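Here is the structure we will look at.
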Amino acid sequence: MKYCLIITLFLGLFFLLGADFVAHAPLPEEETAPIKTLIIDPGHGGKDPGALGARYYEKDLALQISLKLKEMLNENMPSIKVVMTREDDTFVELYRRGEIALENNGDFFISIHCNGLKNKSKFGTETYVLGINEGQETYERVIAENESILFEENYRDMYGNFEPSSPEAYIFFRLLKNVFRQESTRLADKVQANYDSQGRHGRGVKQAPFVVLYHSGMPAILTEVGFITNYEEETYLASDSGQLAISASIMEAIREYNTEF
């Protein structure tokens, strides 16, 4: 009887500890998943407002969406370490965002932005990888994003003779071979597909010479979650439901990307 009691206690302890181990042990796909540390980069910030809508600044909406994405990932994909380049209304230089990514051994860099054009009828989502599209539509938005460097002190010391508004300055990017393009495009495709599944108007995956992607030094995308200059879409981007849907689309794309390997 005494031995039966000991065996019963031992088995009970084994199953209790075993269950706890199973609950906390990483799944095999988590160990081999390509994204273990994700860098989330809310565009602009501080003295750099980004695009201006009728009621909101790009910097504020990009931060709100980024924080929701971080919270959603922490809750649903806790095996991924999330690092933010900013978590408040702080100005962070473009080169510094890349440094943060590299210092934290990031596996992927996602920069979150709101689109803006003088043509207020434009709407929809688009996601970029580093590069140049031949015959690409106006560089208006590319220049606007890269002009963030003009808010930096001594920006010429950090970026040489690069002038965001000069077409000649982008010749360098035509010669650049982006070694991370395949991985970047794979996630960009998934992000756009998940936006589409939410009923958003997709404008596709594109290439653009964004300085922040160049400085990240890893697979990277810049996603324009909608046009802040379109009144109806600005309303969606500022709403809690819209921000949650956008965050869920990006998270699901990350999940799909990680489970492919």
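Number of residues in the stretch 204-253 that are over 16 Å from T125 (Cβ atoms), crowded, with 20+ Cβ neighbours inside 10 Å and of a type in the set (A, V, I, L, M): the value is 4.
Can you find a residue that is touching a residue at least 40 places away in the same chain (Cβ under 8 Å), out of contact with any Cys (no Cβ under 8 Å at 6 or more places or on another chain), buried (at least 16 other Cβ atoms within 10 Å of the Cβ) and within 19 Å of P34 (Cβ to Cβ) anywhere in the stretch 47-57? For the stretch 47-57, residues touching a residue at least 40 places away in the same chain (Cβ under 8 Å), out of contact with any Cys (no Cβ under 8 Å at 6 or more places or on another chain), buried (at least 16 other Cβ atoms within 10 Å of the Cβ) and within 19 Å of P34 (Cβ to Cβ): absent.
Is it the case, given these coordinates, that N115 is under 19 Å from I221 (Cβ atoms) and either surrounded by fewer than 16 Cβ atoms within 10 Å (Cβ to Cβ) or polar (S, T, N, Q) (or both)? Criteria met by N115.
Here the stretch 118-130 is the region considered, the condition is being within 28 Å of A193 (Cβ to Cβ) and assigned to a loop (DSSP other than H, G, I, E, B), and the residue that is most open to solvent (accessible area, probe 1.4 Å) is K120.
Counting only helices (runs of 4 or more DSSP H) that sit wholly inside the stretch 175-261, those with at least 3 residues that are modelled with pLDDT of 95 or more are 181-197, 231-238, 240-259.
Quick one: is L94 open to solvent by less than 20 Å² (accessible area, probe 1.4 Å) and at pLDDT below 95?
Values: open to solvent by less than 20 Å² (accessible area, probe 1.4 Å): yes; at pLDDT below 95: yes.
Spelling it out, L94 is indeed open to solvent by less than 20 Å² (accessible area, probe 1.4 Å) and at pLDDT below 95.
Restricting the stretch 58-84 to residues that are touching a residue at least 24 places away in the same chain (Cβ under 8 Å) and not in a helix (DSSP H, G or I) leaves a set whose member that is surrounded by the fewest Cβ atoms within 10 Å (Cβ to Cβ) is S79. Among residues of the stretch 95-107 that are among the acidic types (D, E), those with a Cβ under 9 angstrom from a residue that is surrounded by 18 or more Cβ atoms within 10 Å (Cβ to Cβ) and in a helix (DSSP H, G or I), sequence gap 6+ or separate chain, pair up as E99/H215.
The values are calculated or read from the model by the stated rules, or taken from the named source; none is laboratory data. Since the structure is predicted, the reported quantities are computational estimates derived from the model, not experimental observations. Every residue, glycine among them, receives a Cβ derived from its backbone with ideal geometry; neighbour counts consider all protein chains shown. Please note that ligands, DNA and RNA were not included when accessible areas were found on the heavy atoms of the full protein model with its side chains. Shrake-Rupley method; radii C 1.70, N 1.55, O 1.52, S 1.80 Å.
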